[in-house]
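The values are calculated or read from the model by the stated rules, or taken from the named source; none is laboratory data. Treat the numbers as computed from the prediction; the structure is a model and nothing was measured. Cβ coordinates were reconstructed from backbone atoms using ideal geometry, including for glycine residues, and neighbour counts include every protein chain displayed. What goes into the accessible areas is simple: the full protein's heavy atoms, side chains included, and nothing from ligands, DNA or RNA. Shrake-Rupley method; radii C 1.70, N 1.55, O 1.52, S 1.80 Å.
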Amino acid sequence: MLSIKNLKANIEDKEILKGLNLEINPGEVHAIMGPNGSGKSTLASVLAGREEYNVTEGEVIFNGENILEMAPEDRARKGIFLAFQYPIEIPGVSNANFMKTAVNEVRKSKGLAPLDSKEFLKLMREKMQLVQVDKTMTQRSVNEGFSGGEKKRNEIFQMAMLEPELGVLDETDSGLDIDALRIVADGVNALRDGKRSFIVITHYQRLLDYIVPDFVHVLYKGRIVKSGTKELALELEEKGYDWIKEEVEI
Amino acid sequence: MNTLTETISETEQQISFENIASEKLTPERKLAIDTFNKSGFPSLKDEEWKYLDLSVLKNTPFNHQAPACTKLTLSDIEKYKVAGADAITLVFINGVYCPELSSQQRDNTFSIESVESELAAHWFGKLAKTDEPFIALNTAFHHGGLLIHIKAGQEVKQTIHLLHFNDSRQEAVAAHPRNLVVAEKNSKVQLIATYHSLNNFTSLTNSVTEFFVGENAFVEYDVKQDENEKALQINYVYAQQKRDSVFDISTVTIGGKMVRNNLNIALTETGGTAHLNGLTVGGKNQTVDNHTLVDHASPHCESFQLYKNILDDNAHGIFNGKIFVRQDAQKTNAFQSSKNVLLSDVAVMNAKPQLEIYADDVKCSHGATTGQLDEEALFYFRSRGIGKKDALALLNYAFAGDVIEKINNDALKADLLKLLAQKLNTEIEFEG
Ligand SMILES: Nc1ncnc2c1ncn2[C@@H]1O[C@H](COP(=O)(O)OP(=O)(O)OP(=O)(O)O)[C@@H](O)[C@H]1O
Ligand SMILES: [Mg+2]
């Protein structure tokens, strides 16, 4: 469903992604780990279409289409969802109104009629349970005054509402205590249906106990330098990244 | 009908009366026109007018004595009413009250009569002085305005809607609406003023409204300025507040080529509260200038000002907010905030807060911020499938929303949200 070939991307003329390759099939979960600054969030941003990043080479094919020329909203409508590492606060727009607009925009792009208020509330109630988001959270402004954990839960809630084909989770587990982590992971697992795929960016192996990946990749200096199964994550947790850096430098 | 005509000498911008029916030319009007001709229009050199380009206004040969109650029918004005509002509508065309287009039913909580009546003379011009050139002009040419008099201890349950049209379809009209609102002790009233233009020619609406807010009275006045791109507007609002009174005004400016608002609030007795809110959504070549002056002349009064501008294209926003705290006005709370967003590289905002404080036991604050569009927030919206245009609209609405939230009239609020969505070019329904 997603095929990334030789992807190179700059920000402010600094090359961050330096020829990245990744193949994801429907239903798969790919974990991406790697030291700080290696380019994980950059990859996520490039997939979502953040305009500050300049793709200089390579291609990203999603369900047969090159998405690199697409606007961020079109990518979202086609089924790419990014759960942000640092979700932004938007005073003045309620979560519910935000989601209603988003859900209906996505529906419109698929030729579906917009949900009316009643249908929308029903959908929202159903998805709220998934990540234990309560009603007050949906009435509040998007992320405004939310705790770190609430923000992350809200990202997964949004993902559940939008039902993407590919979910990219950028450190959704960072800063969560074990209970919050479980809630988030349960939410993600509930969305695993054999067709939906995920890229899970994380620093911590413990997340992968809950969201069990099919593959684990190490991103280092803008390239995927090692790939394996979930055991690789355990090894990284134990030994850190130095051995990988050594392998790469040689 | 008034038979006065006037001429403007283009070089000196002198305005005079000709062919005057002598009974119309009262000494007050004569004095006012003389006062105006001595000072002329304000210029950019004048501190209070320094950012505002009045050249179009100065160079347009307006008819200051246009016929009133022109061919408008009840069905013409229907769409300008605030949908869903339980309102008593008072229609003014070119400043002149038109009873045949206005609501017939009245309750006994208030009365209306001519602003030129003997009763009105009690208050007329006590606040709006002719040393301001535009007030001098208004005082010379106003015609057909009203005194709205709320009786003591009465609450006007319905909203009073002053529906203003400038009809410049046949010629360039300068309208000079002049109205007086007197809210006696312990009364309560909510008024709306909306300004609309029908033009082929450049129009000028030079409106003056004086409010006398009695002891423990509550007055809310919400203004919607929705004129078109050929319309110029100068708008003076004065309020004098007695003990424990509340005066709240929200000014929402969406349309008009050039709009200058002047709010002057005098907290003359202890315990008064004033809220001044303003929202401007400007684009193209619009200029919107909000000047406020809150005069804290007594102790234990509070004033709150929130002014926001969203400026696109070549729009120019001006905010000048003066808070004056006199020596006796101890325990004053006075707050002012001006927040602005520029959506284009060429839009300009001039924000100038001015605090003059002569009392020592006061809480005052002011702040002015002008920023660009929040790109991060925009990306967040787009990453959820919301297109750029709608994302922008939602963000702008979020920015503007808290000003509209201050309005206590739900029907007007809904009306303004619809207008805002229109102006922001989106089909998204904003929530109230
Ligand atoms: N706006 C920017 N301007 C300049 N450099 C940037 C910008 N954003 C990111 N970078 C740089 O790009 C590199 C990759 O950053 P990125 O955020 O992708 O790393 P990461 O792998 O997600 O790190 P972390 O684990 O800390 O989240 C870093 O060196 C970072 O400093
Ligand atoms: Mg990162």
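Can you compute the modelled spin-label distance between A:Asn6 and B:Lys129, with each label point 7 Å from Cα toward Cβ, in nm?
So the two model labels end up 8.0 nm from each other.
Between 0 and 90 degrees, rounded to the nearest ten: what's the tilt of helix A:178-190 against the longest Cα principal axis of chain A?
So the helix axis and the longest Cα principal axis differ by about 80 degrees.
May I ask you to derive the FRET efficiency for B:Leu119 and A:Lys108 from their Cβ-Cβ distance with R0 = 60 Å, giving the value to the nearest 0.05?
Computed FRET efficiency for B:Leu119 and A:Lys108 comes out at 0.50.
Separation between the A:Glu231 and A:Asp134 pseudo-spin-labels, each 7 Å from Cα along Cα→Cβ, expressed in nm?
4.5
Pick out, from B:Ala274, B:Pro353, A:Ile244, the residue whose Cα sits farthest towards the positive end of the charge dipole of the protein assembly as shown, with +1 on the Cβ of Lys and Arg and -1 on the Cβ of Asp and Glu.
Going by the Cα projections, it comes out as B:Ala274.
Give me the dipole magnitude in Debye, nearest 20, for region B:308-432 about the Cα centre, with unit charges on the beta carbon: positive for Lys and Arg, negative for Asp and Glu.
Charge dipole, region B:308-432, about its Cα centre: 160 debye, nearest 20.
Report, as a whole number in µm² per second, the diffusion coefficient that Stokes-Einstein gives for the protein assembly as shown at 4 °C and 1.567 mPa s using the Kirkwood radius over alpha carbon pairs.
So the translational diffusion coefficient is about 46 µm²/s.
Rounded to a whole number, what is D in µm²/s for region B:374-432 from Stokes-Einstein with the Kirkwood radius over alpha-carbon pairs (10 °C, 1.306 mPa s)?
D, rounded to a whole number, is 135 µm²/s.
Which one of B:Ala400, B:Gly385, B:Leu412 has its Cα pushed farthest toward the positive end of the charge dipole of region B:374-432, where Lys and Arg give +1 and Asp and Glu give -1 at the Cβ?
Towards the positive end, the residue furthest out is B:Gly385.
Ignoring everything except DSSP H segments at least 4 long, calculate the 222 nm mean residue ellipticity for chain B; use -39,500 (n - 2.57) per segment, divide by total residues, nearest 500.
One gets -5000 deg cm²/dmol as the mean residue ellipticity at 222 nm.
How large, in percent, is the carbon and sulfur part of the accessible surface of chain A at a probe radius of 1.4 Å?
47
Suppose the chain between B:Glu375 and B:Ser103 were pulled fully straight at 0.36 nm per residue; how much longer would it get relative to their current alpha carbon spacing?
93.1 nm
Where does helix A:95-109 land angle-wise versus the long Cα axis of chain A, in degrees 0 to 90, nearest 10?
80
Using +1 at the Cβ of each Lys and Arg and -1 at the Cβ of each Asp and Glu in chain B, identify which of B:His291, B:Val82, B:Thr130 lies farthest towards the dipole's positive end.
Towards the positive end, the residue furthest out is B:Val82.
Rolling a 1.4 angstrom probe over the protein heavy atoms, how many square angstrom per residue are accessible across the protein assembly as shown?
That works out to 41 Å² for each residue.
Could you grab the relative contact order for region B:285-397? Cα pairs under 8 Å, six or more apart, rounded to a whole percent.
That works out to 26 percent.
Taking the Cα centre of the protein assembly as shown as origin, sum charge times position over the Cβ atoms of Lys and Arg (+1) and Asp and Glu (-1), and report the length of that vector in debye to the nearest 20.
With Lys and Arg at +1 and Asp and Glu at -1, about 740 debye.
Pairwise over distinct Cα atoms, reciprocal of the mean inverse distance: report the Kirkwood radius of region A:9-140 in Å, one decimal place.
17.3
Compute the projected area of the convex hull of the Cα atoms of region B:4-269, averaged over all viewing directions, and report it in nm² to one decimal place.
13.7
Divide by every residue of chain A the summed helix terms, -39500 (n - 2.57) for each DSSP H run of at least 4, and state the resulting mean residue ellipticity at 222 nm, rounded to the nearest 500 deg cm²/dmol.
-12000 deg cm²/dmol
Could you pull out which residues in region B:163-206 have an amide N less than 19 Å from a spot 7 Å beyond the Cα of B:Lys58, following the Cα-Cβ vector?
It comes to B:174, B:202-206, nothing else.
Hey, with R₀ at 25 Å, roughly what FRET efficiency would B:Lys45 and B:Ser344 work out to, going by the Cβ-Cβ distance, to 0.05?
The computed FRET efficiency comes out at 0.30.
Roughly how big is chain A's charge dipole about its Cα centre, with Cβ charges of +1 (Lys, Arg) and -1 (Asp, Glu), in debye to the nearest 20?
In total the dipole reaches around 780 debye.
When chain B is modelled as a GNM with alpha-carbon springs shorter than 10 Å, which of B:Asp345, B:Asp226, B:Asp34 fluctuates the most?
Residue with maximal mean-square fluctuation among B:Asp345, B:Asp226, B:Asp34: B:Asp345.
Take every DSSP beta bridge whose two residues both sit in the protein assembly as shown, then give the antiparallel share in percent to the nearest 5.
In the protein assembly as shown, approximately 20 percent of DSSP beta bridges are antiparallel ones.
Between A:Lys122 and A:Arg182, what FRET efficiency follows from the Cβ-Cβ distance if R0 is 22 Å, with the result rounded to 0.05?
For R0 = 22 Å, the calculated efficiency reads 0.25.
Carbon and sulfur atoms: what percent of the 1.4 Å accessible area of region B:4-269 do they account for?
Taking all protein chains in place, region B:4-269 shows 49 percent carbon and sulfur surface.
For A:Lys14, give me every one of the aspartates and glutamates with a C-alpha distance below 16 angstrom, ignoring sequence neighbours fewer than eight places off in its own chain.
Cross-link targets: A:Glu51, A:Glu52, A:Glu57.
Could you tally the net charge around B:Leu54, taking each other residue with its Cβ under 13 Å from the Cβ of B:Leu54, Lys/Arg +1 and Asp/Glu -1?
Taking every Cβ under 13 Å from that of B:Leu54, the sum is +1.
Return the distance in nm (one decimal) between the two label points of a simple spin-label model at B:Glu356 and A:Tyr210, each offset 7 Å from Cα along Cα→Cβ.
In this crude spin-label approximation the distance works out to 6.2 nm.
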